[in-house]
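What follows is a short report on a single structure.
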Amino acid sequence: MMTNLFFVPRVLWRAQRPSFRHIHFMLGAGITFVSTSLFASGDNGMGVQEPYPSLPQYGSHGTHLGKHQSDFGGVGLMQNPTARMAAAGQFSFNYNRAEPYRRYSISLQPLDWFEFSFRYSEITDRLYGESIAGNRDYLDKGFDAKFRLWQESRYLPEVALGLRDAGGTTLFGAEYLVANKRWYDLDFSLGLGWGYLGARGDFGSPLSLVGERFDSREGETGIDSTGDFDLNQLFSGNTALFAGVEYQTPWQPLVLQLEYEGNDYSSEPATSSIEQESPFNIGARFHLSDSVTLNAGWQRGNTLMTGISLSTNLANISQAKRDTMPFEVEGSSTAGPPAGDTTNEAGTSSATDASPTTPDTDWAEAIDSLAQNAGVKVNRISTDGDTLLVEATPTKYRSMAKTAGRANRILHRYAPAHITTFRYRWQARGMDLRDDVHSRTDFVAAAQSASDEPQYHYSVYSQSSRQRGLYDEVLYEPKETPLSYSIGPGYNQNLGGPDGYLYQLQLQANAELRTDTNGWFSGSLGWTVLDNFDQFDYVADSELPRVRTFIGEYLKEASLGITNLQYTRTTQLSKNWYAMGYGGLLEMMYAGLGSEVLYRPFNSDWAVGADVNYVRQREFDQQFSLRDYSTTTGHLNAYWQTGYEDILAKVSVGRYLAKDIGATFDFSREFASGARMGAWATFTDAGDKFGEGSFDKGVYISLPLDAFFTTYSRDRVNIAWQPLTRDGGARLGRRYTLYDLTGERSLGEFFQERDAVWK
């Protein structure tokens, strides 16, 4: 189940549920780390600096205080976490080395009060063992979470509670409570740590007053553990204090750090003992840019630490655009810019007046203008009295207000004079999603006078699509070009396993052949140009059917593989019910048949559905042969737009590929930029048969491609990180889902973005 990117001549993105421990990048485009944070001044308006900075950005030079990634990932000092949080939307990749450990971590800040990190810790003096990976260094995986309990104020510190290395082998498992207080260019922190952060054991657990279970830290931990999430360990056992301070130097890029550890290094997972000559660590952070930070420190009194952090804020990612100017609106007729006239968003266009519309309207020309200038792929144009109905699919702008505003201008130019209403019936794969209705008269008046804008905005409304067949005259129904394709590079990486860093460079082709409005063939073909997957040797023990742990065999055996070849068909059962059926080579590992139904009321915060699939495992060469293993898998799915910080919650309950029964929980947040970050966890009845990791989990980000290009696009690139590939909790990688296809069923920010109608 791979996630493939196709690039050139146009970008097509096929996304599946984030899976495996693969990191998928777009070759050539890359990810540019851009930070657009703005920092407030500490001036109180009288030329005197406030004596009690209450937020991290206060101070004469302190723009970088409280923003650094710790050695473990997540905002902190070096070994110690702090109560500080990054801005919501922050994404960071971090690497550091302090022998015998090398750490690679990814940190996500989906909410301003919640931080989530995923980490690999390489132990350079411990091996996996001859039976697993010979002389490969041991690699531990872990997840961290931090919650802000309250923000800093004039007299009170910022306070956070956190978990480190939770739900893994817990080699570095810890819990902590930490507070921070800022004073000018100094940021002080003081915390209480349990587990790894409290190994020095200065005190007994203060929670012993609550119950005896907090007296000692018991449970299965260590390299041989399966990684169960043991609630009995949390905040139990002896504790220790840790503390630190950061100083923002007058030289803006440089921040100095001093910390006092709560760990005495007496119980490390390294093979050799680690000597701590001093509990004090000193360090420095040098900001090459807002996105790149170099780290160095002297730890334990005898060890050099070096590292680097790359970061960007996904909530702010954007790229200046070059785009055709919208058509002008003048009186009862309009004038569009000359063909090919392109300027940037701040520029102007030299369009000339056009003649009023005549009965001999060139609808082919109008439809081409709608496609090029408004990003609207028209399926049919018809009329009913004074209403013009445009059945279409949005293809270019994420903002539907902008799409409709540009389309209004074009239709005003071409539509007959008696038309007073423009009705857009937005569709996807032949399914009606909603109708947006605009008053032509009010739009023209608002385009000419700002005072008339409120009337126009109040006149716009949306509703569930009306029954078909009510429009008596079809003006134009364009002939479809049935075939589309793209060819481009693809890149897959596999890190975190005993076989080390594995890569695969491919030339990938994607094609789609539409049979009619509701049906289409789709296919994906990958040819491996360069890879080192012949080094993939270790296949972990599994007491479950090997539904995913043969991933290495699929990747290294097929130099030319068919990753997808299926026929898909959609239908609309009623106003709120949608259905889809599909069959063929559904993904890299499985072929079969399946269907899905979805109940999604118009503009509702929730939707429910179900999918069922009969599949059979494919041969490793990714051609047309099949293996013996087959199963029926399916899930009941629920979706809820919580209304809090644009968080989408998804729950799926059902049967997985290895015939285990359980549930998957997925939470993600989408930012105004279009970027999304999220995490999922799957719990099944596999129990001890699951193996290392105990349950399936991972994190992912989804980025709009137009954040990296000067042109608008609705395409996306998805990147997922999963610590382990196991057979438990494995889901079929379906190429299409009804919830994604019916996205325009919800209005989203349509009315909040109403000003975009003029762009």
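The values are calculated or read from the model by the stated rules, or taken from the named source; none is laboratory data. These figures come from a predicted structure and were not determined experimentally. So basically every Cβ, Gly included, is an ideal-geometry build from the backbone, and we count neighbours across all protein chains shown.
Residues to consider are Ala658, Ala681; find the one that is within 15 Å of Gly728 (Cβ to Cβ), under 21 Å from the mean Cα position of the chain (by Cα) and either in contact (Cβ under 8 Å) with a residue 60 or more places away in the chain or assigned to a strand (DSSP E or B) (or both). Walk me through how you get there before you give the answer.
On the way: Ala658 fails: under 21 Å from the mean Cα position of the chain (by Cα).
Just one listed residue meets the conditions, Ala681.
Among the residues of segment 76-118, write down those that are buried (at least 22 other Cβ atoms within 10 Å of the Cβ) and part of a loop (DSSP other than H, G, I, E, B). Correct list: Leu77, Met78, Gln79, Asn80, Thr82, Ala83, Arg84, Met85, Ala86, Gly89. For the residues Ser713, Ser652, Ser673, the requirement of being in a strand (DSSP E or B) and hydroxyl-bearing (Ser, Thr, Tyr) singles out Ser652. Taken over segment 485-497, the criterion of being in a strand (DSSP E or B) and modelled with pLDDT under 75 is satisfied by Gln493, Asn494. In the set Ala756, Ala720, only one residue is farther than 25 Å from Tyr578 by Cβ and over 17 Å from the mean Cα position of the chain (by Cα); that residue is Ala756.
Summed over segment 641-670, residues that are buried (at least 19 other Cβ atoms within 10 Å of the Cβ) and either among the hydroxyl-bearing types (Ser, Thr, Tyr) or farther than 22 Å from Ser694 by Cα (or both) total 6.
Would you please list the contacts, defined by Cβ atoms under 6 Å and residues six or more apart or on different chains, that run from a residue in segment 591-614 that is under 30 Å from Gly643 (Cβ atoms) to a residue that is crowded, with 16+ Cβ neighbours inside 10 Å and polar (S, T, N, Q)? So the pair list comes out as Arg600/Thr742; Asn603/Ser746; Asp605/Gln641; Gly609/Asn637. When each of Thr393, Thr383 is tested for being modelled with pLDDT of 90 or more and over 25 Å from Val444 (Cβ atoms), the lone residue that passes is Thr393. Looking at Arg440, is it of a type in the set (D, E, K, R), more than 30 Å from Leu139 (Cβ to Cβ) and touching a Phe, Trp or Tyr at 6+ places or on another chain (Cβ under 7 Å)? When the stated conditions are applied, Arg440 passes them. Residues in segment 296-311 that are surrounded by fewer than 20 Cβ atoms within 10 Å (Cβ to Cβ) and under 32 Å from the mean Cα position of the chain (by Cα): Ala296, Thr306, Ile308, Leu310.
Of all residues in segment 716-752, those that are in a loop (DSSP other than H, G, I, E, B) and modelled with pLDDT of 90 or more total 14. Residues that are in contact with a Gly (Cβ under 9 Å, 6 or more places away or on another chain) and crowded, with 17+ Cβ neighbours inside 10 Å were ranked within segment 350-378; the one that is modelled with the lowest pLDDT is Ala351. Consider segment 498-524 and keep the residues that are in a loop (DSSP other than H, G, I, E, B) and either in contact (Cβ under 8 Å) with a residue 40 or more places away in the chain or not assigned by TED's automatic domain parsing to the domain that holds Asp432 (or both). The one that is farthest from Trp721 (Cα to Cα) is Thr517.
Among the residues of segment 626-647, those that are in contact with a strand residue (DSSP E or B) (Cβ under 7 Å, 6 or more places away or on another chain) and assigned to a loop (DSSP other than H, G, I, E, B) comprise Thr642, Glu645, Asp646. Look at (1) crowded, with 19+ Cβ neighbours inside 10 Å; (2) part of a helix (DSSP H, G or I) and you find that Asp534 fails only one, number (1).
Residues Glu543, Glu587, Glu553: which one is at pLDDT below 95, assigned to a loop (DSSP other than H, G, I, E, B) and either crowded, with 21+ Cβ neighbours inside 10 Å or of a type in the set (D, E, K, R) (or both)?
Glu543
Among residues of segment 557-566 being more than 28 Å from the chain's Cα centre (by Cα) and surrounded by 14 or more Cβ atoms within 10 Å (Cβ to Cβ), the one that is nearest to Gly430 (Cα to Cα) is Ala558.
Highlighted here are the strands (runs of 3 or more DSSP E) found entirely within segment 238-343 that include at least 2 residues which are modelled with pLDDT of 90 or more and polar (S, T, N, Q): 239-248, 292-299, 303-313.
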